[in-house]
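Asks: One structure coming up, written as structure tokens, with questions to follow.
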Amino acid sequence: MTVRSTVSLSALLVLTLTLTACGGSEEPASPSEMEPVSVETAVVEAASVTEMLRYSGTIQGTRRVPLSTKMMGTVTELSVEEGDRVSEGETLIRVRSQNVRAQKRQVEARLREAEAALTNAKTNFERIQALYEKDSATEKEFDDAKTAYERAQARVDALKNQLDEIEDTLTYATVTSPIDGYVVEKRSEEGALAAPGQPLLVVETIDDLKAVVQVPSADINRFSVGDEVTVEIGAAGDVTRTGRVTQVNPAGNYATRQFQVQVRLDRGQDQSVKSGMYAEVLLPRGETRAITVPEQSVVERGQLAGVYAVKDSTALLRWVRTGKRYGDRIEILSGLSEGETYILNGRQRLLDGQPVRPTRPAMSRR
């Protein structure tokens with residue numbers, strides 16, 4: 001090894017030892033060695049709360065109408081799209097109706113023929129009747145003329161009824177909106193084949209909304225038409241509305257033993273609540289006592305929930321089991337006991353075992 005190599009190796013060793021001494025010997029301070037953090041605290045206590053029963057369902061428009069036609073034909077006009085607003089009486093769909101119109105012309109021709117035969121039968125009957133009254137015609141001739149006249153009248157009536165039925169069918173060649181609302185489903189396109197009873201569009205009025213929920217048979221008698229209930233719509237930003245029960249289905253589903261309940265909501269100026277959103281209807285059950293803490297007191301670590309308790313001016317993370325939600329407060333089933341002190345805002349930067357300094361004496365908060 002040369003002298004130059006020996007010098008370079010020695011310099012590298014000295015540099016490595018220096019860096020190790022400067023940067024590798026420091027360890028982060030433990031939570032107990034940190035500076036105390038100012039926190040706001042409260043004392044755990046049980047309080048009376050209103051126990052709420054929750055039933056899940058869906059937001060819908062108060063009226064939802066599938067539009068279809070009674071006739072088979074090709075869709076020649078369908079210009080609206082999902083989300084378009086429509087007005088009552090507005091034409092939405094046209095269906096080609098050549099076959100039905102041809103049938104109408106055939107029936108009209110037969111009707112004209114039948115009416116001509118009726119006129120002839122009537123004239124003949126009146127002539128035979130006059131002769132019969134003068135004893136110049138036999139009873140059989142009178143009966144035959146009367147029967148022919150009645151038969152001709154019956155044929156005319158039958159053809160008129162058939163023509164009315166065809167004209168009624170032709171009204172379905174043009175489908176109009178029965179309500180003011182929005183197109184919420186489009187199930188066909190121009191050029192597609194329309195079949196009788198097959199929905200082509202679904203329109204829904206969503207100026208007024210309803211929550212449709214399923215209620216177990218054990219709870220259905222808690223609902224009555226006219227009751228006021230609370231409706232929560234989480235997808236609309238945790239919107240809470242007051243609704244009124246408008247319908248309680250007296251017959252349940254035989255398979256699920258669930259009953260349908262409808263709750264009317266006034267949409268008002270708030271456009272955040274939309275048809276199809278998940279909703280929960282809350283019904284008061286009664287008063288009970290429970291330990292609750294504000295929502296911001298609960299910290300989450302994965303699937304675990306915890307609350308920072310305070311003991312000897314130290315924050316101690318207690319894992320808790322949570323229960324029901326009462327407004328902006330959460331029930332604590334285990335992990336905290338009455339009389340303990342806890343930190344109101346557990347979501348601030350805190351560590352388990354970190355010193356804390358309450359900003360004011362601990363007090364009870366409900």
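The values are calculated or read from the model by the stated rules, or taken from the named source; none is laboratory data. Keep in mind that what you see is a predicted model, and the values were worked out from it rather than measured. Here the Cβ is made from the backbone with ideal geometry for all residues, glycine too, and neighbour counts use every protein chain on show. These accessible areas exclude ligands, DNA and RNA; they are computed on the full protein's heavy atoms, side chains included. Shrake-Rupley method; radii C 1.70, N 1.55, O 1.52, S 1.80 Å.
Asks: Suppose every Lys and Arg Cβ carries +1 and every Asp and Glu Cβ carries -1, with no other charges. What dipole size does the chain come out with about its Cα centre, to the nearest 20 debye?
Replies: Working: 46 positive and 53 negative charges, 139 e Å.
Dipole size: approximately 660 debye.
Asks: Then there's this: Considering the options 193, 304, 322, tell which one lies farthest towards the positive end of the dipole of the chain, charges being +1 on Lys and Arg and -1 on Asp and Glu at the Cβ, about the Cα centre.
Replies: About the Cα centre, the residue reaching furthest to the positive side is 304.
Asks: Can you work out the base-10 log of I(q)/I(0) for segment 270-331 at q = 0.14, 0.15, 0.21 1/Å, using the Debye formula on its C-alpha atoms alone?
Replies: -0.61, -0.67, -0.96
Asks: Which whole-Hz ³J(HN,Hα) couplings does segment 301-318 yield from phi under the Karplus relation 6.51 cos²θ - 1.76 cosθ + 1.60, θ = phi - 60°, glycine and proline marked x?
Replies: 10, x, 9, 9, 10, x, 9, 7, 8, 10, 9, 6, 6, 10, 7, 10, 7, 9
Asks: Can I ask one more? When the accessible area of the chain is computed with all protein chains present and a 1.4 Å probe, what percentage of it is carbon and sulfur?
Replies: On the way: 10500 of 21980 Å².
Carbon and sulfur atoms account for 48 percent of the accessible area of the chain.
Asks: Taking the Cα centre of segment 149-304 as origin, work out the dipole magnitude from +1 charges on Lys and Arg Cβ and -1 charges on Asp and Glu Cβ, in debye rounded to 20.
Replies: Working: 16 positive and 24 negative charges, 113 e Å.
Roughly 540 debye for segment 149-304.
Asks: Between beta-carbons, use under 9 Å as the cut-off and find the net charge around residue 340, counting Lys and Arg +1, Asp and Glu -1. List each step's numbers first, then the result.
Replies: Details: positive: 311, 318; negative: 338.
Once positives and negatives cancel, what remains is +1.
Asks: Still on this structure, please answer the following. Whole number in Å², please: accessible area per residue of the chain, 1.4 Å probe, ligands, DNA and RNA not counted. Could the numbers behind the result be given before it?
Replies: Details: 21980 Å² over 366 residues.
Accessible area per residue: 60 Å².
Asks: Under a 10 Å cutoff between Cα atoms, tell me which one of 118, 350, 209 has the largest fluctuation in the Gaussian network model of the chain.
Replies: In the Gaussian network model the winner is 118.
Asks: Can you give me the Rg/Rh ratio for segment 290-366, using Cα atoms for both radii and the Kirkwood formula for Rh? Write out the running numbers ahead of the final one.
Replies: Working: Rg = 11.7 Å, Rh = 12.6 Å.
Value, to two decimals: 0.93.
Asks: Can you work out the Karplus-derived ³J(HN,Hα) for every residue in segment 179-194? Use 6.51 cos²θ - 1.76 cosθ + 1.60 with θ = phi - 60°, whole Hz, and x for glycine or proline.
Replies: 9, 7, x, 10, 7, 9, 9, 10, 10, 8, 9, 4, x, 7, 8, 9
Asks: Mind pulling the per residue volume of the convex hull built on the Cα atoms of segment 84-146? Å³ is fine. Spell out each step's value before the answer.
Replies: Working: hull volume 8.0 nm³, N = 63.
So the per-residue Cα hull volume is 126 Å³.
Asks: Counting just the Cα atoms, what span does segment 96-234 cover along each of its three principal axes? Round to the nearest Å and put the largest first.
Replies: 92, 46, 24
Asks: Roughly how big is segment 302-364's charge dipole about its Cα centre, with Cβ charges of +1 (Lys, Arg) and -1 (Asp, Glu), in debye to the nearest 20? Write out the running numbers ahead of the final one.
Replies: On the way: 10 positive and 6 negative charges, 41 e Å.
Roughly 200 debye for segment 302-364.
Asks: Would you kindly compute the Cα radius of gyration of the chain and its largest Cα-Cα separation (Dmax), both in Å?
Replies: For the chain, the Cα radius of gyration and maximum Cα-Cα distance read 41.0, 160 Å.
Asks: Computed over the Cα atoms, what is the radius of gyration of segment 161-316 divided by 2.2 N^0.38 Å, N being its residue count?
Replies: Values: Rg = 24.2 Å, N = 156, 2.2 N^0.38 = 15.0 Å.
Expressed relative to 2.2 N^0.38 Å, the Cα Rg reads 1.62.
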